[in-house]
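Engineer: Once you've had a glance at the structure underneath, I'll fire off some questions.
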Amino acid sequence: MFGNCADPGALDGLAWLGCYLTTGKHMSLYGSLGTVLLLLAITAPTALLFGFGGATAARSHVAPLRWFGKTYIAIVRGVPDIAFFLFFVIALDQGFEYIRHHVLCPEWPDTVRQGNDFVVCAQAKLPLGNSPQWVHETYGFLLAVLTFAIVFGAFAGNVLFGAMRAVPRAQLETAEAYGMTRGQVTRRVLIPQMWVYALPGLSNLWMVLIKATPLLFLLGVEDIVYWSRELGGAKQPQFTDYPHPDWRMWYFGALLVFYLCFTKVSEIVMDRLMARLTLGQATAGGEAQRRAGA
Amino acid sequence: MKKLILSTAVAALAAGTAFAQDDSTVRLGTEGAYPPYNFLNDAGEVDGFERALGDELCTRAELTCEWVTNDWDSIIPNLVSGNYDVIIAGMSITDERDEVIDFSDPYTQPDPSAYVALSDGIDLENSVIAAQAGTIQASHVASMEGATLLEFATPDETIAAIKNGEADAALADKAFLEPIATSDAEVTFVGDDVLLGGGIGLGIRESDAELREQFNEAIQSMKDDGSLNTLIEEWLPGSATF
């Protein structure tokens, strides 16, 4: 990056550090920070959507839909995250390829499972074997988003299910007395009111989601923890221009600060949101706000 | 509108099929944490003995290759499920692995493994020995009576373990330990070398016999004209040549 980085052995102090922290490898570390933030930005709303779908299904009057919603929430909440991430993603990927295989090359003579191998025809590969690396990475990233959304969606579904039931029954009855249909009651009264009950649970989930991002590397996405471990490990002079002993403590220390700051900022935002949602609600918090204002 | 979407989908599908009929890229999976065999250089790219070897093999076999890094722990499962086509990660040929995947001809002679520790005079038979999980060294330590095996996900962590006193010694390929022992005054070789494994080969899916043949021919041609020996001398000084 800087012009004088050609011979780092001759540098010392800040100049050395400046060159060291701008190597291609460090750029990958900074880039992976973006990956993690992007993952959170996409996963949180998607998981909320999944959760909303799950909660609505679990409350449905149609029995199969209700069973589906309850089963989804129960199964995903019951399976350990690691097992889910290791098993489910490979299964999901193979499932996609299996379907494409049957659609795209029905005349294929061999079976898909050959001993230990999972072999589909070249056209059915996802992504295609000759796609550039960024396509493979994007595909891996999207699989990760989907898996995170399914896992956290189940937890969010449980929270929202509880929140929907916490909305005072009297309010819904009043709405019904005004002649609103079931759909109108849900849209106009239930959903706007449930957030105040859901937010403590959801903010908890958000915190857990932030901390769960290192699971990304299980899915082959290189995240900040992977790069910190890789960069922090001892480096011998034969293989790098910047030899150093084991520096993982510093890298993980920086990660610690990053995660703490991130969760702190989240807490502040959640508190503000809570204050906003409590306004005028028939809860202890809403009552306290009213008294303070009066 | 529907027609438009449909025809776009058909076009995309057709394009995808057309692409796939071209010569497919061969994806090479490596660990990227095991110098001098494979590691990430300062630019974050795969480098080392196997980078030079893999690129040369692909040129000779007239294949388009692409490098991918993967955790050592899941390197075989990801090969068999088709996420890449070849493992080129300093993987020794053993019977256990051969049951799951196939190997090419070896491209190194059986390389000695060695112990490192902070001081001489360690009773290796009765001590705590660190090794990378899922390696021939780890199974060797597990088979030693009296010694306790301490496994780590990366080879680098085994060295960190002897430095912070968690383990008494670490066992790894000698070619990996050599640069560490020379540049780090604290760490020295102890005990005798042990010969493990049947040389290092490329790991290839059992159903991919054709690809294995192509690579075997390329390896043979590099053995014949001596270019493999040149690479071994350059990257793995002290290792036996062909």
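Engineer: Could you say which residue among A:A198, A:A282, A:A234, A:A275 is out of contact with any Asp or Glu (no Cβ under 8 Å at 6 or more places or on another chain), over 23 Å from A:A44 (Cβ atoms) and among the aliphatic types (A, V, I, L, M)? Reasoning before the result, please.
Structural biologist: Working: A:A198 fails: over 23 Å from A:A44 (Cβ atoms); A:A234 fails: out of contact with any Asp or Glu (no Cβ under 8 Å at 6 or more places or on another chain); A:A275 fails: over 23 Å from A:A44 (Cβ atoms).
Only one candidate qualifies: A:A282.
Engineer: Exactly one condition in (1) over 14 Å from the mean Cα position of the chain (by Cα); (2) surrounded by fewer than 19 Cβ atoms within 10 Å (Cβ to Cβ); (3) assigned to a loop (DSSP other than H, G, I, E, B) is not met by B:T59; state its number.
Structural biologist: All conditions pass for B:T59, except number (3).
Engineer: Go through the stretch B:131-166 and count every residue that is within 14 Å of chain A (Cβ to nearest Cβ) and outside any helix (DSSP H, G or I).
Structural biologist: Number satisfying all stated conditions: 7.
Engineer: Determine, yes or no, whether A:P109 is within 30 Å of B:D98 (Cα to Cα), more than 9 Å from chain B (Cβ to nearest Cβ), loosely packed, with under 15 Cβ neighbours inside 10 Å and not aliphatic (A, V, I, L, M).
Structural biologist: yes
Engineer: So which of A:F217, A:F252 is among the aromatic types (F, W, Y), modelled with pLDDT under 85 and part of a helix (DSSP H, G or I)?
Structural biologist: Working: A:F252 fails: modelled with pLDDT under 85.
Among A:F217, A:F252, only A:F217 is among the aromatic types (F, W, Y), modelled with pLDDT under 85 and part of a helix (DSSP H, G or I).
Engineer: While we're looking at this one, here's another question. Which residue, of B:T188, B:T148, is touching a helix residue (DSSP H, G or I) at 6+ places or on another chain (Cβ under 7 Å), hydroxyl-bearing (S, T, Y), more than 30 Å from B:V26 (Cα to Cα) and surrounded by fewer than 19 Cβ atoms within 10 Å (Cβ to Cβ)?
Structural biologist: Details: B:T148 fails: touching a helix residue (DSSP H, G or I) at 6+ places or on another chain (Cβ under 7 Å).
None of the other options fit; the residue is B:T188.
Engineer: If you don't mind, another one. From the list A:Q94, A:Q123, which one is in contact with a Ser or Thr (Cβ under 6 Å, 6 or more places away or on another chain) and within 13 Å of chain B (Cβ to nearest Cβ)?
Structural biologist: Numbers: A:Q94 fails: in contact with a Ser or Thr (Cβ under 6 Å, 6 or more places away or on another chain).
After ruling out the rest, the residue left standing is A:Q123.
Engineer: How many residues are among the hydroxyl-bearing types (S, T, Y) and more than 14 Å from chain B (Cβ to nearest Cβ) if we restrict to the stretch A:238-276?
Structural biologist: 3
Engineer: For the stretch B:1-46, name all the residues that are more than 11 Å from every other protein chain (Cβ to nearest Cβ), at pLDDT below 75 and not in a loop (DSSP other than H, G, I, E, B).
Structural biologist: B:K2, B:K3, B:L4, B:I5, B:L6, B:S7, B:T8, B:A9, B:V10, B:A11, B:A12
Engineer: Take B:I122 and decide whether it is aliphatic (A, V, I, L, M), within 24 Å of A:P127 (Cβ to Cβ) and either assigned to a loop (DSSP other than H, G, I, E, B) or modelled with pLDDT of 90 or more (or both).
Structural biologist: no
Engineer: Are any residues in the stretch B:167-183 away from chain A (no Cβ under 14 Å) and of a type in the set (D, E), and if so, which ones?
Structural biologist: Within the stretch B:167-183, B:D168, B:D173 qualify.
Engineer: What is the number of the single condition among (1) surrounded by fewer than 19 Cβ atoms within 10 Å (Cβ to Cβ); (2) closer than 15 Å to B:N83 by Cβ that A:V119 does not meet?
Structural biologist: A:V119 satisfies every listed condition except (1).
The values are calculated or read from the model by the stated rules, or taken from the named source; none is laboratory data. Not measured: the values here are computed from a predicted model. Don't worry about glycine lacking a Cβ; one is built from the backbone with ideal geometry, like all the others, and counts go over all protein chains shown.
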